[in-house]
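Notes follow the structure.
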Amino acid sequence: MANHKSSAKRIRSNEKKRLRNRYYAKSMRSTVKKFRSITDKTEATTKLPKVVSIIDKLAKKAIIHRNKAANLKSKLMKKINAL
């Protein structure tokens, strides 16, 4: 149990942030999964900027690591070029 008021508050705020980050990360993963299931190149090229934007926002907020974001974007680009 926390010994100080500030540490108790920190525990509460960390839990809220953890849940919020978990939600954003999960929604990003599901968006990427839906994007990977696309087989039409024109549809994929129109949806790519939105997916990349979501990934960049999460990397900017440090919800995912910037290298992970770069790897994800690279793999998505490769997928589009392979279609």
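Each value in this text was obtained by applying a stated rule to the coordinates, not by laboratory testing. If you're wondering where the values come from, they're calculated on a predicted model, not measured in any experiment. Reconstructed Cβ throughout: ideal geometry from the backbone, glycine too, with neighbour counts over all protein chains shown.
Here are the numbers for the structure shown:
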| quantity | calculated |
| --- | --- |
| Selection from THR45, THR31, ALA8, by position along the positive dipole direction of the chain (Cβ) | ALA8 |
| Residue-averaged [θ]222 nm for the chain, counting only DSSP H segments that reach four residues, each worth -39500 (n - 2.57) | -29000 deg cm²/dmol |
